[in-house]
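One structure is given below, encoded as structure tokens.
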Amino acid sequence: MSFPDGFLWGGDISAAQIEGAWDEDGKSPTEVDYMVSVDRNSALRYGYYEMPDGTEGTMMLFSGQLPAGAKMIIKDGVNYSNHVASDFYHHWREDLALLAEMGFKALNLTISWARIFPTGVAGGVNQAGVEFYRNVLTECNRLGMEPIITLYKYDMPFFYISDWGGWSNRKLIDEFVEFSRVCMTEYQGLSHHWITFNELNILKLMERSNPDVDQAARQRLYEEAHNQMVAAARVVQLGHEIDHDNQVGCMIAGTFCYPLTPDPADVAAAQRYMRDTMFFYGDTQVRGAYPSYAKSLLASNGVTLEVSDEDAADLMAGKADFYAFSYYSSSCATTHADEGESGAGNMTQHGVKNPYVSATDWGWQIDPEGLKTALNMLSDRYPDTPLLIVENGIGAIDTLEDDGTIHDPYRIEYLRDHIAKMGEAVDEGVNLIGYTMWSCIDLISAGTGEMRKRYGFVYVDAADDGTPQGSFKRYRKDSFHWYKCVCESNGADLG
């Protein structure tokens, strides 16, 4: 097993889940800033809104538009875990030094749109936000880590949702392109790897989790995805214009699925699930046009999508330079209602449990072999496009011992098994350029808003429920030292 020279070993963090400082230095609120932590058994989080008559209601994360006249509110006595998160905003130098100590070659991080343009393009650039990320990226370069910059991960200024209607409004395309222009210009030379939208297919996955979605919401979902893919294509073109060395890729949530039984109907169901929730979005961005099955897919959802000649030209001219994806688990599909146990756990996975694999405490199925299968599948589907794994990891409850150690053999085992299968795929010819696991530092879970569902190599002393308690001191876990050997040996030493 051998990985290519220059392979990008590293980790992944998200501004909305790690930075904190939600209202500091000019940043405006994002959708996530209104979301309330619940418990480990809840797949989503919600926020409070108030109507003009004073009555209150709640809105599910990523659910769409607010009721007419409603205003999101912050309530006293409620835990908004992202407001402080891991306090990376005030610990970033220390955190980057720890990652460099592990031998990171890359760090996938996000730039919060709400820090750069708090009130949109018309409100002007927030220079404090620009300088914060310039300092972070410059330090990454000094420490020998290539920043892989994700431009959008659910943290645009909230007024785009409350006042503009969110991504169903095509005006957001120009706003996002201008935001990207500022980032790519200000940070030119500090990074050559850019990702437009994190898990662009997430809206479809959330829709499948919501039994109350009506036809209007389903129509809006595809319109929003279309607008995002057009925006992404324009940013690919922009990135090449600003710096010909820039590589601008897409990022898709991996929804890899097996048929539960040999029944041909189950095989078709698994293929259809992956096509509808994953391939539809990747095919369009990598190949530069909607796939042949788009017409029947949209019709089956009762959706009519207008694609102008300009949109079609942008999609073709702005094909993704690489395909990034997340992989945590796999699922199964069946047409037999009386077979299989629900595979609920990961809000981006559906279907039934695979009886041949184990699962995490949160019900996510552990399937290293599935990662190899996924890599070969994507390599065959996009033979001329490099692949990049930007999220892969295991959430678990870690214990800080009295001597400051954290023993996490379950994390080492999970990552070792997945990296081994990843290496086998590379040996078989898959063009994989990097691996940035999720998440290298403990942060707030996107699914439940908890800190106790920990993913990192670095333990952050913060309350498990996400409230701003604890010293925020950083501790190295056993997996920290293990991954250091992986990075330094270019994947040859898996312990």
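Observations, loosely collected:
- Net charge contributed by nearby residues that have their C-beta within less than 11 Å of residue 10 (K/R +1, D/E -1): -1
- Sequence-distant residues sharing a close amide H with residue 8 (under 5 Å, placed H): 434, 435
- Put simply, the Cα atoms of the range 80-136 extend 42, 27, 16 Å along their principal axes, the longest span coming first.
- Span per principal axis, largest first, for the Cα atoms of the range 183-266 (Å): 51, 34, 17
- Remark on the range 426-495: hydrodynamic radius 13.9 angstrom, per the Kirkwood mean of 1/r across alpha carbon pairs.
- Taking other residues whose beta carbon is less than 10 angstrom from the beta carbon of residue 439, and scoring Lys, Arg as +1 and Asp, Glu as -1, yields -2.
- Set of lysines with alpha-carbon distance to residue 421 below 22 Å, sequence-local pairs under 8 removed: 105, 353, 372, 484
- Qualifying lysines (Cα of each under 17 Å from Cα of residue 295; at least 8 residues distant if same chain): 204
- Among complete DSSP H helices in the chain, those whose alpha-carbon atoms stretch at least 15 Å along the helix's long axis and whose mean Kyte-Doolittle hydropathy reaches -1.0 are 88-101, 127-142, 171-186, 215-242, 264-274, 368-381, 409-427, 478-488.
- Value of Rg/Rh across the range 361-495 [Cα atoms, Kirkwood radius]: 1.01
- Distance cut-off 24 Å, percentage of C-alpha pairs in the range 1-151 lying past it: 44
- Cβ-defined net charge surrounding residue 293, 14 Å radius [Lys, Arg +1; Asp, Glu -1]: +3
- Per-residue extension of 0.36 nm, minus the Cα-Cα distance of residue 50 and residue 304, leaves a gain of 88.1 nm for this segment.
- Taking packing as the residue-averaged number of other Cβ atoms within 10 angstrom, the listed peptides 3-14, 118-129 run from highest to lowest as 3-14, 118-129.
Laboratory data are not the source of any read-out in this text; all were calculated from the coordinates shown. Remember, it's a predicted structure, so these values are computed and weren't measured experimentally. Every residue, glycine as well, gets a Cβ built from its backbone with ideal geometry; the counts of neighbours run over all protein chains shown.
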